[in-house]
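The values are calculated or read from the model by the stated rules, or taken from the named source; none is laboratory data. Given the structure is predicted, the values throughout are model-derived calculations rather than measurements. Virtual Cβ from ideal backbone geometry, glycine too; neighbours counted across all protein chains shown. Quick note on the areas: whole protein, heavy atoms, side chains included, nothing else; ligands and nucleic acids left out. Shrake-Rupley method; radii C 1.70, N 1.55, O 1.52, S 1.80 Å.
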Amino acid sequence: MTPPSTPPVPPASPADANRRSGRRVLIILFVLFFGGAFVAGALRFSGWQPGGNKANGQLLEPPVDLRELPPQRLHGGTYGWDPAARTWRILVQVAGPCDDACAALARDMVKVWELMGRRADHVDVLWQGEAPAGVDLPTSFVRIEPEPLWQELVPMPIAGSPAPVHVIDPNGFVILRYRPGFDVAGLRADLATLLKLK
């Protein structure tokens with residue numbers, strides 16, 4: 001006895017094929033949209049940032065507001081923030097005598113300033129403390145008086161310890177901190193990025 005023959009499967013109609021194709025496209029779009037959003041959220045909450053968006057210095061959150069506390073120049077007069085000039089500042093605070101490490105830091109700051117090229121006119125170095133001996137400082141180096149009201153906001157280092165470096169934006173907000181021993185190339189890269197944003 002021969003087994004009953006299987007009835008032939010009717011070919012899919014163009015409407016069925018279109019429905020299946022449409023479902024596949026919807027599933028792919030769903031995975032791409034929500035999968036990408038999920039991965040981005042996971043990376044964001046883990047603290048990861050793309051290399052191009054990550055500063056080399058420590059980002060201060062919230063930034064330190066010095067708008068109402070402009071520094072006084074060492075030889076008289078106020079160094080005003082003047083936001084319209086779009087000038088960024090590197091703040092160096094030296095405690096005690098300016099030793100060899102301090103002089104080396106000053107030379108590094110001169111180098112960073114020079115490497116800004118045509119944008120160097122939009123960068124000042126605020127130098128608080130004893131001047132480095134034997135270092136030819138450009139006019140962009142502004143020697144400032146210690147500001148007692150800054151001590152809680154941007155504390156001075158202890159005498160004999162290496163000087164930290166900070167970056168201050170054109171409005172008078174301290175936004176970045178570089179701990180002693182930082183990579184000078186990182187400071188230069190951060191400044192180059194910030195100057196493009198001005």
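Residues in the range 81-98 that are open to solvent by 40 Å² or more (accessible area, probe 1.4 Å), within 21 Å of residue 122 (Cβ to Cβ) and assigned to a loop (DSSP other than H, G, I, E, B): 82, 86. Would you check which residues across the range 75-93 are over 19 Å from residue 137 (Cα atoms) and of a type in the set (A, V, I, L, M, F, W, C) and list them? 81, 84, 85 - these are the residues of the range 75-93 that are over 19 Å from residue 137 (Cα atoms) and of a type in the set (A, V, I, L, M, F, W, C).
Restricting attention to the range 85-108, which residues are aliphatic (A, V, I, L, M) and in contact (Cβ under 8 Å) with a residue 40 or more places away in the chain?
Taking the range 85-108 first, the residues aliphatic (A, V, I, L, M) are 85, 90-92, 94-95, 101, 103-106.
Selection gives 85, 90, 91, 92, 94, 95, 101, 105.
For the condition at pLDDT below 90, of a type in the set (A, V, I, L, M) and either touching a Phe, Trp or Tyr at 6+ places or on another chain (Cβ under 7 Å) or within 23 Å of residue 56 (Cα to Cα) (or both), what is the one hit in 165, 184, 94?
Details: 165 fails: at pLDDT below 90; 184 fails: at pLDDT below 90.
That would be 94, the only listed residue that is at pLDDT below 90, of a type in the set (A, V, I, L, M) and either touching a Phe, Trp or Tyr at 6+ places or on another chain (Cβ under 7 Å) or within 23 Å of residue 56 (Cα to Cα) (or both).
With respect to (1) at pLDDT 90 or above; (2) open to solvent by less than 50 Å² (accessible area, probe 1.4 Å); (3) within 22 Å of residue 72 (Cα to Cα), the lone exception for residue 177 is condition (2).
Looking across the range 110-155, just one residue is closer than 14 Å to residue 87 by Cα, among the small types (Gly, Ala, Ser) and surrounded by fewer than 17 Cβ atoms within 10 Å (Cβ to Cβ), and that is 120.
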